[in-house]
Amino acid sequence: MRRVRSTKRSTSLWRKARHGAALVEFAVCLPVIMLLILGSMEATSAIFVRQALTTAAYEGIREAIRTRASTAEATARAQAVLNARQIRGSTIRFSPTDTSTAARGAIVSIEVSANYAANSPFFGNVIADRRTTVRTVMVKE
């Protein structure tokens, strides 16, 4: 049997055609890949903000339910956690407003909230002005 060998010219044409196909595939897939990457980064950032608010609420309420703790000390504790995590534009509210006057066994709650757009490192306008709020409730010691 006789083998037919491909010529250098036909191999070169095949490679050029394949290179063009790879370029088209890359151009089609790149926007989808970038959307997935940037979307996952935004979702991760939103989860980080939510977790920072949860931690700040927990630390603030733990300070507020102590026997001789004041609302100012509890607010400072929650704000310190938010500052450490670089959360901007947050608000902290207690119920009752003055936790030092709450009787032992009374329910004390804290709400910590922040705008996502102010804390997004990438595209704050994607989730525009969404306010995330965390509420934690404990019993006064």
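The values are calculated or read from the model by the stated rules, or taken from the named source; none is laboratory data. The structure presented is a predicted model; accordingly, all values stated were derived computationally and were not measured. Note that each Cβ is placed from the backbone with ideal geometry, even for glycine, and that neighbours are counted across all protein chains shown.
Side notes on the structure shown:
- Out of Ala72, Ala56, Ala46, Ala52, one residue alone is in a helix (DSSP H, G or I), closer than 30 Å to Arg93 by Cβ, in contact with a strand residue (DSSP E or B) (Cβ under 6 Å, 6 or more places away or on another chain) and modelled with pLDDT of 85 or more. It is Ala56.
- So Ile92, is it closer than 28 Å to Thr132 by Cβ and touching a Gly at 6+ places or on another chain (Cβ under 6 Å): no
- For the stretch 98-131, a residue qualifies if it is part of a strand (DSSP E or B) and either modelled with pLDDT of 90 or more or of a type in the set (A, V, I, L, M) (or both), and the qualifying residues are Ile107, Val108, Ser109, Ile110, Glu111, Val112, Ser113, Ala114.
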